[in-house]
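Below is one structure, written out as structure tokens; comments come after it.
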């Protein structure tokens, strides 16, 4: 069983608060993506699927279904793995969430993720979720999902 250190919980909470604050203060549609080393670059995020280059459907990159209940159809720029952002679209092709998958080992090593929440700049975030994940295809190591939801909790629940 993997045990989370108290410092990790503090760092995760700090990421959560920072991502939420950035998304609430943002006033433009500038988007950023995480790249190896924690650097971010500008990109265009499409409000409808498919988002286009450099994003690719996650199900074509790893063995996952096209649609993940509770997350949607995911797209990611492969250069930004494992962190993302992962763009989640509902069955109607509408962007409903932006998720970051932050490895626990990166948090414990105090790796910086500057502008992590900047991908949602200019978008109205309804709510933010932070969930631990022990690993799955594509991001096998233990990590946290930081999900910025652009839809209500009721609409999110209906996606499951």
message = Binning at 10 angstrom from zero up to the longest distance, how are the C-alpha pair distances of the stretch 118-160 distributed in percent?
response = 25, 41, 33, 1
query = Any idea how far apart residue 108 and residue 57 come out in nm if each label point goes 7 Å out from Cα toward Cβ?
reply = 3.6
ask   = Under the Kirkwood approximation applied to all pairs of distinct alpha-carbon atoms, what is the hydrodynamic radius of the stretch 43-160 in Å?
value = 14.4
request  = Give, to the nearest whole percent, the P(r) tail of the stretch 64-128 beyond 18 angstrom, counting all Cα pairs.
outcome  = 42
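If you count, for each residue, the other Cβ atoms within 10 Å and average over each peptide, how do 115-125, 94-104, 146-156 line up from highest to lowest? Present the calculation step by step, with values, prior to reporting the outcome.
Values: 115-125: 20.3, 94-104: 22.1, 146-156: 18.2.
Result, highest mean Cβ count within 10 Å first: 94-104, 115-125, 146-156.
Coordinate-derived values only; no laboratory data. Everything numeric in this text was worked out from a predicted model, so none of it was measured. Note that we place each Cβ from the backbone using ideal geometry, even for glycine, and neighbour counts take in every protein chain shown.
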